[in-house]
Amino acid sequence: MILRKAYKFRLVPTAQQRLAMAQFAGCNRFVWNKAFAQMKAALEKKEKVERYNCIAKWLPEWKEQEDTNFLRLAPSQTMQQTLKDLDRAFSDFFGKKKGMPKFKKKDKHDSFRYPQGFKFEANKVFLPKIGWVTFRRSRKIKGTPKNVTVSKRAGEWYFAVQVEDELEEPKHQNKDSAVGIDMGIAQFATLSNGNILEPHHSYRRNEQELAKIQRSLARKKKGSNNRKKQVWKLAKLHKRIADARLDYLHKATTWITKNHGKVVLEDLKVANMSKSAKGTVENPGRNVSAKSGLNKSILDQGWYMFRRQLGYKLSWLGGELIVINPKNTSRRCQSCGHVSADNRKTQAIFVCVSCGHKDHADLNAAKNILTVGQTGLACGSNPSKGASKQEPLRKRKVGQPAISEYQPSM
Ligand SMILES: [Zn+2]
């Protein structure tokens, strides 16, 4: 098995190296934005959107043109990588895996990637056209380096090296333990064994402080030192929010993947959910404000990252992530298989109109998700057969939420 992993370190560049990094990041951002503008314009005019083979040819042309010949400064290989990333972003967009790519902003998207030409020595990394840069080597790099990404966050430069390492096929220590997970707003995740992960509203929690800084920023004069200070504060807060969220997600996914060799999730297309709530001019989305609130929570809680982490951590440990069609998982009775929208009395309570079975609604859904993942049956397509393979259900009083047994393990 090939293990892909990334190690991230903080760079300690000289003033000259910082300048070069800022320039290269700027060139790469420019290339992304210029190519993206052309692709977006073609899309809006319903013309053919050119793909990598073609857009890669734009780069040498831009380097020749007088107004864009500053692009010669940056290493070509990094800009080719940027165009490849843009091409992949369009593939994801066309494949409905992600939303439309976006323009990159200064100080927010400062990065570039080398696919080759870099090397390491003790606590120094060699970056083409920059030279040897010192970094804080906090751990050993294991495996064959594949590429190096240099990026800036809240004023500091970092680099991440992606490696490939050949490993023996791992065997999961809890390979027979399977769990279904229902993703939600009130509860971030409800596991079919009754465990609950509380939502981590890292964004919401900091929303007031964020609003305060933004208001104060709006009052500051452009170009003033006070404004710069506020911009800096804002970047720091954004970083704190993102770090807290990532930390929470890592703890949660480590805990789940260690304990369960098989994890079943619903295939919820986050990008699509955001899109449908906005609606179109002809057909404005219903409950737009309510739904965009919901979407904010979805994005806030990082469902996408959660799923990604579960996927790669399970593959490291020899487990398996199963993604199922979400159809009827929240409306089907786990006890008798009856499917009805009326089963869902409220957001939290499930009472079957056919057999009277009562359960916490998220828990009922999580159990259905597990059943579908284990039997391969779509919910409601053959409910009696699907249900018979289930363990006997533990009775739960309606409205009594499962006790959170979440124990961070790292
Ligand atoms: Zn029932």
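The values are calculated or read from the model by the stated rules, or taken from the named source; none is laboratory data. Just so it is clear, the structure is predicted and the values come from calculations on it, not from any experiment. Because the Cβ atoms are built from the backbone with ideal geometry, glycine has one as well, and the counts that use them run over all protein chains shown. Each accessible area value is taken on the protein alone, full model and side chains, heavy atoms only, with ligands, DNA and RNA left out. Shrake-Rupley method; radii C 1.70, N 1.55, O 1.52, S 1.80 Å.
Name, by its number, the condition in (1) modelled with pLDDT of 85 or more; (2) closer than 22 Å to Ala186 by Cβ; (3) in a loop (DSSP other than H, G, I, E, B) that does not hold for Ser404. So the condition that Ser404 fails would be (1). When the stretch 335-355 is filtered for residues that are touching a residue at least 24 places away in the same chain (Cβ under 8 Å), near the ligand (Cβ under 9 Å from one of its atoms) and surrounded by fewer than 17 Cβ atoms within 10 Å (Cβ to Cβ), only Cys336 remains.
Screening Ala218 with (1) of a type in the set (Gly, Ala, Ser); (2) under 20 Å from the mean Cα position of the chain (by Cα); (3) open to solvent by 80 Å² or more (accessible area, probe 1.4 Å) gives one miss only, at (2).
Here Val161 passes the criteria (1) in contact (Cβ under 8 Å) with a residue 60 or more places away in the chain; (2) buried (at least 18 other Cβ atoms within 10 Å of the Cβ); (3) assigned to a helix (DSSP H, G or I) except the one numbered (3). Residues that are under 20 Å from Val150 (Cβ atoms) number at least 3 in the following helices (runs of 4 or more DSSP H) confined to the stretch 3-110: 15-44, 76-94. The sole residue among Lys171, Lys97, Lys146 that is under 18 Å from the mean Cα position of the chain (by Cα), surrounded by fewer than 17 Cβ atoms within 10 Å (Cβ to Cβ) and under 30 Å from Val323 (Cα atoms) is Lys97.
In this structure, Arg332 qualifies as farther than 30 Å from Lys251 by Cα and at pLDDT 80 or above. Within the stretch 111-143, the set of residues being at positive phi and part of a loop (DSSP other than H, G, I, E, B) comprises Gly117, Ala122, Lys129, Gly143.
Summed over the stretch 312-334, residues that are within 13 Å of the ligand (Cβ to nearest atom), of a type in the set (D, E, K, R) and open to solvent by less than 40 Å² (accessible area, probe 1.4 Å) total 1.
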